[in-house]
Structure formats: C-alpha cells, structure tokens
Amino acid sequence: MNDEQSTTSPKQPVVEVVPGGPIHGRIRPPGSKSLTNRALICAAMADGKSRLSGALRSEDTIVMIDALRAIGVSIDVADGGRLLVVDPQGRNSPASPTANTATTDSGTTDSGTTDHLSTSNLSVDGVSASRQTTFTGHDPIELFIANSGTTVRFLSAALSAAGGHYRLHGVPRMHQRPIGDLIDALVPIQSGTIRAESDGGCPPVLIESGGWNVGSTIRVAGSVSSQYLSGLMMASPVCGREVRIEVSGELVSRPYVEMTAEVMRCFGAQVRILDGPDKDTHPVTIEISEGGYQGVEYEIEPDASAASYFWATAAITGGSITVDGLGPKALQGDVGFCDVLEQMGCRVDRDADSMTVHGGHLRGIDVDMNAISDTVQTLSVVALFADGPTRVRGVAHNRFKETDRIGDLAHELRKLGARIDEHDDGLTIHPAGTKTNAPDFAGATSDAGMQNAGLHGATLQTYHDHRMAMSLSLAGLRIAGVRILDPSCTSKTYPEYFADLESLIGRPHRWTGQA
C-alpha cells in the first residue's frame, strides 16, 4: 500500500453500488485517453492547425493540454472538452528557453556567456562534429504532469527531439514510477542532456537539449511500458531525420504500439513496424521516414478500457450490454477484452461500430493479458463470480502503474472473501464458496446467477488509482456492502463514470462520507 493512500481524509466520499438483477442496456463511453493524448502530441508538433473531435476531458488529458500550452501551443477547447483545436504556431515562442547551437567540422563552436553548457559528439552524414547547446539566462520551463504516465513519457521524448530547457515533475507517486529505460534510450541521441532526477530512474525529468542527433539505431527496452516505445515513435518525425528504433527484450502491450503508428499515419508520418527475429529478445523494429506531421481533422474513438467495465457488467449480472462506437477493428487493443469474456462463457455479438456482451455461465480460465493489461482489474472482478479459478499471466509491468496493480489488487480482492495467489507476472483468483443454482439476487434465474456464498461486502481502498475504483465498484453489482473509497480518483480518465454506471443499471448508488 502507498503511504499516501494508507489513511483516509476526514469526510472522504464513499460510494456503494447497489446489487440488483441482470442489466440490459447500451452506452457510448467518452473518448479514449490513449488516443486523445497521442493525437495531442502529433497535433502540437505538426505544421498547421488540427481539429480533434470526440476527445476525452479528464485529469490526464487536461494535464497534457496544460503542459502543451506552457510550451506555447494554442489549444482551444469546445463542446464540453470533446473538441480541441490545436495550433502549434507559437510553440518554442521567444518566451521559451532558446537553444543556441553552432557546429563546425573542426569541432569548435562559437559561444558567448552562458548559464549552462552541454557538449555532445555528433555524426551527421558520416562527418564528425561537435555541437554545444546553450541556455542563456533561463530557468527551465516547469511542466506539472501530476500522475499521468502518458504525459511524462510522451513529452519527455517529444521535447527532447524538439529541443529546449524543461523540467517535468508530478505528484509523489509519479516520482516513484520508472522512466529510466526511456531516458537510457534518449541520452545517446541528445544534442545536450536529459536525466531523471529521482532514485531508480524516476521523474522529475530535466531536459536541456538542442534536439536529437540520430546517427544510428535507437534501442529501448520494452518490458516495463510500451509507452517508452510509443514516445520515441511519436518524437521521431520532430527530429527531421529518418529514425530506426529497435526494441530489446519482451514488448508489453503491443496493440498500443500499433495504435501509436496508426495515429502517426493519420497526421502524415510514414511508419513501418517490422517483426524481429525473436519475440523475447528482439521483438520489433520501427522505421520512421524523414518528414514531419501535418495538421488534420481527427476523430477519436470511445475509450475501450472504459468500455470493459460495461461489458463486465453484462458478464457479472447475466445481462446484455452494447457499447457503441467500438467494433472489432477499433484501433484500441482493449476491445480484445470481449474475447476473454467469450472464453469465460459469455456470448459476444460484433458489429462494425458496436459490440454486445451477453452474460452466461462463467468459468475460470488461464489467460495471458499482456496485450490488454489495463483490463486486468476488470477481469479479476468478473473472475470472482466464475466457476473455478482464473489465472492471469504476462502482466508483471502492472506493478509500475498508478499503483501496484497486482499486489494492491490482490489485497483488496481478499477483503471480499476470495483467495488470491500473487505471482511475479500476475495473479490467480479463486472464487469463494461453491456454485449453486439458487439465485443470489432478485430476479436472477440463469446460470450466471450462481451463488458464491463466501463473498461478502467490504470497504475497499483505491490507492488513488482510477482503474481500481472503477473495476472494484463492479463487485457491488452482486455483493451487498461493497464500499469504494476515494471514488473521485476516476477523474483521471473518466470523470462521469459513476453517473454513467448509475444511469445504465437504473438505480442510484449510495453515497456517504467516512470520518
């Protein structure tokens, strides 16, 4: 448990979802956080204005918008945050730190009086040179990135490629989240310096750069977060050169990398993803052609990770839920959550622009969720009501998210009466009690209404992790007395989650306060 989450503040709001019968309905979640922040990066680094429709307004996207505005990008917000007009013309304005560089073939550089001086050796078209990057009389632009992993990783790469003097910092938990593998990939290609200031290679990140010097292949580890690779990919068109990126070791959450490439293509970049010779040691190579981004009109899909909570609602209650705006060919890999529910016994109807889950007799499964790791918490709650244990594999990197999404998740699920085995790469959920044909809530007579007698209500910590709050709340659809602390943490990606869930299930939640 995080120290900052070990106690509750006075009068902290608490929400309790009220159990009931099978839920039937349809919903369109808000725009994807992942797509919104990727589109913002590409639009901010583009030539010309962009209009982003269907965007998500949440803590993570507001943090990104505020950071981009701080570096001179104009972003107009309309339609309740769903429309963003991005004009990058003012980026690197005169008010920003200015990188002054001069390069000679002999290795000498013109210089004046400076507060800071960084020197790096370059190789441009086979010619060795020395470049000095100076920042005259300016402190770094301070960019507050809260606990937004996409913001710190994407901006660290993009700003190091664009050049300038910046310091990215956040909340205490952010300063515990590793970014060292990304920094290690960026250091050799800097015309200047970039470093992580906290122990263990964690933010704050200090950038003093004149841009990238890409003379060879960039190499990055892929086992902690695919966002490192996505950040390097999106930054590459900014540097003005052809870039080749090799991933070493296992690549987690590959669908997010495919998503990044497609967003980049929509903004005019040319990207190729090539499978490597060995998925464990060299899984992919990315090639990005020389050339920058262009301003476009871009429509953002609903959030597939958010959709998982509603598809899970159908599975847990034995009902049927249609999510509009997401089909099986959606950019976001988390639509694959429906495939996992299908393995557990649900029926899934797939249309071009919607997917419907029909609850059924749930059975435990053994599943590798590396590609859809943001839905592990959701599936773990569904697994509480399955006939037999569910083993989740391939998600060791979940320990480095907003909280430890293996250890902390296991701790909270045990409070509900389930037995949880924690593994290095995931967990096993053993539902409490035994299956019976007796209904466990009013009106439930199908096999999905089986009873797990050992499950019971509890007060659950969220560790200020939005996905903990949203997923754990679903247990209340079947178990009375499940109380969720700090429900407002869902504002990170889905501020209206509890209102939307309440509307879908057709009955009010219970809201109280805890001293």
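Please state which one of 392, 376, 367, 382 is surrounded by 17 or more Cβ atoms within 10 Å (Cβ to Cβ), within 18 Å of residue 490 (Cα to Cα), touching a strand residue (DSSP E or B) at 6+ places or on another chain (Cβ under 9 Å) and at pLDDT 95 or above. Outline the logic, then answer.
Values: 392 fails: within 18 Å of residue 490 (Cα to Cα); 367 fails: within 18 Å of residue 490 (Cα to Cα); 382 fails: within 18 Å of residue 490 (Cα to Cα).
The unique qualifying residue is 376.
Only one of these conditions is not met by residue 360: (1) of a type outside the set (S, T, N, Q); (2) open to solvent by less than 10 Å² (accessible area, probe 1.4 Å); (3) part of a loop (DSSP other than H, G, I, E, B). Which number is it?
(2)
Could you check how many residues of region 500-515 are modelled with pLDDT of 95 or more and more than 22 Å from the chain's Cα centre (by Cα)? If you could, list the steps in order and put the result at the bottom.
Filtering region 500-515 for residues modelled with pLDDT of 95 or more gives 500-511.
Okay, now just the ones that are also more than 22 Å from the chain's Cα centre (by Cα), so 502-511.
The total comes to 10.
Checking the structure you have, find out if any residue of region 86-107 is open to solvent by 10 Å² or more (accessible area, probe 1.4 Å), at pLDDT 50 or above, in a strand (DSSP E or B) and not small (Gly, Ala, Ser).
yes
Out of (1) of a type in the set (A, V, I, L, M); (2) surrounded by fewer than 19 Cβ atoms within 10 Å (Cβ to Cβ); (3) in contact (Cβ under 8 Å) with a residue 24 or more places away in the chain; (4) closer than 27 Å to residue 322 by Cα, what's the single condition that is false for residue 348?
(3)
Tell me which residues, restricted to region 176-211, are touching a residue at least 12 places away in the same chain (Cβ under 8 Å) and among the aliphatic types (A, V, I, L, M).
Hits for region 176-211 are 179, 182, 183, 185, 186, 189, 194, 196, 205, 206, 207.
Could you please find all residues in region 252-265 being surrounded by 16 or more Cβ atoms within 10 Å (Cβ to Cβ) and without any contact (Cβ under 8 Å) to a residue 40 or more places away in the chain?
Answer for region 252-265, where residues must be surrounded by 16 or more Cβ atoms within 10 Å (Cβ to Cβ) and without any contact (Cβ under 8 Å) to a residue 40 or more places away in the chain: 257, 261.
Conditions (1) crowded, with 18+ Cβ neighbours inside 10 Å; (2) of a type in the set (A, V, I, L, M, F, W, C); (3) closer than 24 Å to residue 24 by Cβ; (4) modelled with pLDDT under 95, marked per residue:
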| residue | (1), (2), (3), (4) |
| --- | --- |
| 405 | yes, no, no, yes |
| 411 | no, no, no, no |
| 420 | yes, yes, no, no |
| 438 | no, yes, yes, yes |
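Report yes if residue 342 is within 26 Å of residue 46 (Cβ to Cβ) and of a type in the set (D, E, K, R), otherwise no.
So residue 342 fails the test.
Just to be sure before I move on: is residue 247 closer than 17 Å to residue 394 by Cβ, β-branched (Val, Ile, Thr) and surrounded by 24 or more Cβ atoms within 10 Å (Cβ to Cβ) in the structure I sent?
Values: closer than 17 Å to residue 394 by Cβ: yes; β-branched (Val, Ile, Thr): yes; surrounded by 24 or more Cβ atoms within 10 Å (Cβ to Cβ): yes.
Here the answer is yes, as residue 247 does meet what is asked.
Please go through region 447-473 and give me each residue that is open to solvent by 20 Å² or more (accessible area, probe 1.4 Å), part of a loop (DSSP other than H, G, I, E, B) and modelled with pLDDT under 95, ordered by number.
451, 453, 454, 464
In the list 249, 292, which residue meets the criterion of being in contact (Cβ under 8 Å) with a residue 24 or more places away in the chain, over 29 Å from residue 29 (Cα atoms) and in contact with a Ser or Thr (Cβ under 6 Å, 6 or more places away or on another chain)? Before the answer, list the steps.
Values: 292 fails: in contact with a Ser or Thr (Cβ under 6 Å, 6 or more places away or on another chain).
Result: 249 is the single residue among 249, 292 that is in contact (Cβ under 8 Å) with a residue 24 or more places away in the chain, over 29 Å from residue 29 (Cα atoms) and in contact with a Ser or Thr (Cβ under 6 Å, 6 or more places away or on another chain).
Of the residues that sit in region 162-182 and are open to solvent by 10 Å² or more (accessible area, probe 1.4 Å) and not in a loop (DSSP other than H, G, I, E, B), which one is farthest from residue 201 (Cα to Cα)?
In this case the residue turns out to be 162.
Working only within region 9-57, note down all residues that are open to solvent by 10 Å² or more (accessible area, probe 1.4 Å), in a loop (DSSP other than H, G, I, E, B) and at pLDDT 95 or above.
Result: 18, 19, 20, 21, 22, 28, 30, 45, 48, 49, 54, 57.
The values are calculated or read from the model by the stated rules, or taken from the named source; none is laboratory data. Just so it is clear, the structure is predicted and the values come from calculations on it, not from any experiment. Please note: Cβ atoms are built from the backbone with ideal geometry, for glycine as well, and neighbour counts cover all protein chains shown. Remember, those area values only see protein heavy atoms, side chains included, never the ligands or the DNA or RNA. Shrake-Rupley method; radii C 1.70, N 1.55, O 1.52, S 1.80 Å.
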